[in-house]
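As structure tokens, the structure follows; a few thoughts come after it.
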Amino acid sequence: MGRVLFITGGVRSGKSAFAEYYAKELYTKYNSSHLIYIASGVAFDEEMKSRITRHKQDREVSEIEWITVELADEVPTKLDKFQNNSIVLWDCITTWLSNVLYKTQGLNKINRLNQIEHHLNEFKQQIISWKGQDIVVILVSNEVLDEQLSDFSEVNLYRQILGDLHQWIVAISDETYEIDYSLKRQWK
Amino acid sequence: MRVIIGGAYNGKRKFVKEYLDKLNVKNRYVFEGEIPVSTFSQEDYVIIGNFEKIILQSIELDEEEHAAKIFDKLSILDKQTNVICICTDIGRGIVPLEKENRKLRDTCGRLYQKLFAESEQVIRIWYGLPEILKGGE
């Protein structure tokens with residue numbers, strides 16, 4: 001039986017560093033077959049490009065080899081074929097969700113909500129299917145819900161979907177962590 | 001008085017519902033954005049949410065005075081019945097540009113401080129998981 005781990009934190013809180021460290025530790029501990037990184041960042045500007053490069057370099061200097069899988073929005077079926085006994089790190093869910101919202105922006109409201117729902121279902125099914133295999137999945141996300149309602153309906157829609165998704169993830173997770181500037185606290 | 005605090009869409013209301021289900025509470029009265037003036041009994045549970053809306057109704061008042069006023073109303077209510085306050089934490093984001101939004105956020109913070117100090121129990125909800133900040137089970 002696999003495991004699901006959930007890690008959140010504010011920006012630059014050290015959550016990615018902790019997630020990568022933990023992924024490698026579990027890789028060694030379980031004598032895993034593969035260490036897989038799911039990247040959801042899209043390089044739409046210079047800052048995002050350098051952010052991605054920085055994360056890539058961090059993984060390249062690692063003594064254990066990472067296999068990187070790009071996943072912008074659609075959850076591809078080939079992900080099912082990850083071998084049992086792999087460690088999968090997905091960093092991060094907020095970026096993936098932004099891509100989904102961005103991609104569906106041109107649709108009318110009902111179609112759009114349906115499409116978003118479809119993506120969320122694919123996501124959930126994938127996580128459950130990994131959990132059923134002998135795969136350890138580490139999901140990284142952001143804390144963005146501790147502020148006032150936005151004046152922009154798009155932001156509020158995003159926050160609502162993300163909050164609901166986080167609740168779903170926490171409910172099925174085996175371990176959950178909230179990172180506060182490198183201090184981690186385990187909720188579950 | 002009890003306080004349930006957490007960010008938006010973290011499952012605070014769902015938690016309260018399940019909590020009261022467990023206690024087998026039948027008489028629940030939910031108010032969003034208002035503090036009721038009617039009378040309740042010791043068996044009733046009065047759940048109040050959306051303090052942002054309550055604050056916005058008299059945003060012109062001084063922050064400290066405003067928070068004290070709302071708190072007094074809750075204290076009076078708490079003497080006759082069981083009060084659960086659902087507080088959305090809005091104090092951790094970027095300082096809002098608009099003056100009114102800044103005042104809302106500040107007043108909310110003042111009010112929550114008072115509620116935390118005077119409540120017998122404070123529970124933070126993080127995506128459905130409870131953490132008791134104050135008071136026992």
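The values are calculated or read from the model by the stated rules, or taken from the named source; none is laboratory data. Small disclaimer: the values here were computed from a predicted structure and weren't measured. Glycine gets a Cβ as well: all are built from the backbone with ideal geometry, and neighbour counts include every protein chain shown.
The set of residues from the range B:1-26 being within 14 Å of chain A (Cβ to nearest Cβ) and either over 29 Å from A:LEU165 (Cβ atoms) or touching a residue at least 12 places away in the same chain (Cβ under 8 Å) (or both) comprises B:ILE5, B:GLY6, B:GLY7, B:ALA8, B:ASN10, B:GLY11, B:LYS12, B:ARG13, B:LYS14, B:PHE15.
For the range A:69-107, how many residues meet the condition of being in a loop (DSSP other than H, G, I, E, B), surrounded by 12 or more Cβ atoms within 10 Å (Cβ to Cβ), modelled with pLDDT of 90 or more and among the polar types (S, T, N, Q)? So the count comes out to 1.
Quick grid of which residues meet (1) under 29 Å from B:ARG92 (Cα atoms); (2) modelled with pLDDT of 95 or more:
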position	(1), (2)
A:LYS109	no, no
A:ASN114	no, yes
A:GLY132	no, no
A:LEU139	yes, yes
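Among the residues of this structure, B:LEU115 counts as one that is touching a Cys at 6+ places or on another chain (Cβ under 7 Å) and either assigned to a helix (DSSP H, G or I) or at pLDDT 95 or above (or both). The residues on offer are B:ILE132, B:ILE94, B:ILE125, and the sole one that is among the hydrophobic types (A, V, I, L, M, F, W, C) and surrounded by 14 or more Cβ atoms within 10 Å (Cβ to Cβ) is B:ILE125. Taking the range A:147-175 as the range and being at pLDDT 85 or above, under 16 Å from A:THR94 (Cβ atoms) and within 8 Å of another protein chain (Cβ to nearest Cβ) as the test, the residues that pass are A:ARG159, A:GLN160, A:LEU162, A:GLY163, A:ASP164, A:HIS166, A:GLN167, A:ILE169, A:VAL170.
Name the residues in the range A:126-151 that are polar (S, T, N, Q) and within 15 Å of A:HIS166 (Cα to Cα), would you? Answer for the range A:126-151, where residues must be polar (S, T, N, Q) and within 15 Å of A:HIS166 (Cα to Cα): A:SER141, A:ASN142.
Select from the range B:27-53 the residues that are assigned to a loop (DSSP other than H, G, I, E, B) and touching a residue at least 12 places away in the same chain (Cβ under 8 Å) and list them in ascending order.
Hits for the range B:27-53 are B:ASN27, B:GLY33, B:GLU34, B:ILE35, B:PRO36, B:THR39, B:PHE40, B:SER41, B:GLN42, B:GLU43, B:ASP44, B:ASN50.
If you go through the range A:132-180 and keep only what is in contact (Cβ under 8 Å) with a residue 24 or more places away in the chain, closer than 28 Å to B:LYS103 by Cα and outside any helix (DSSP H, G or I), you end up with A:ASN142, A:GLU143, A:VAL144, A:ASP180.
Screening B:LYS69 against (1) of a type in the set (Lys, Arg); (2) within 14 Å of chain A (Cβ to nearest Cβ); (3) part of a helix (DSSP H, G or I) leaves a single unmet condition, (2).
Only a single criterion out of (1) part of a helix (DSSP H, G or I); (2) within 17 Å of the chain's Cα centre (by Cα); (3) of a type in the set (Gly, Ala, Ser) is not satisfied by A:SER50, namely (2). Of note, B:LEU115 satisfies the criterion of being more than 12 Å from chain A (Cβ to nearest Cβ) and within 18 Å of B:ILE5 (Cβ to Cβ).
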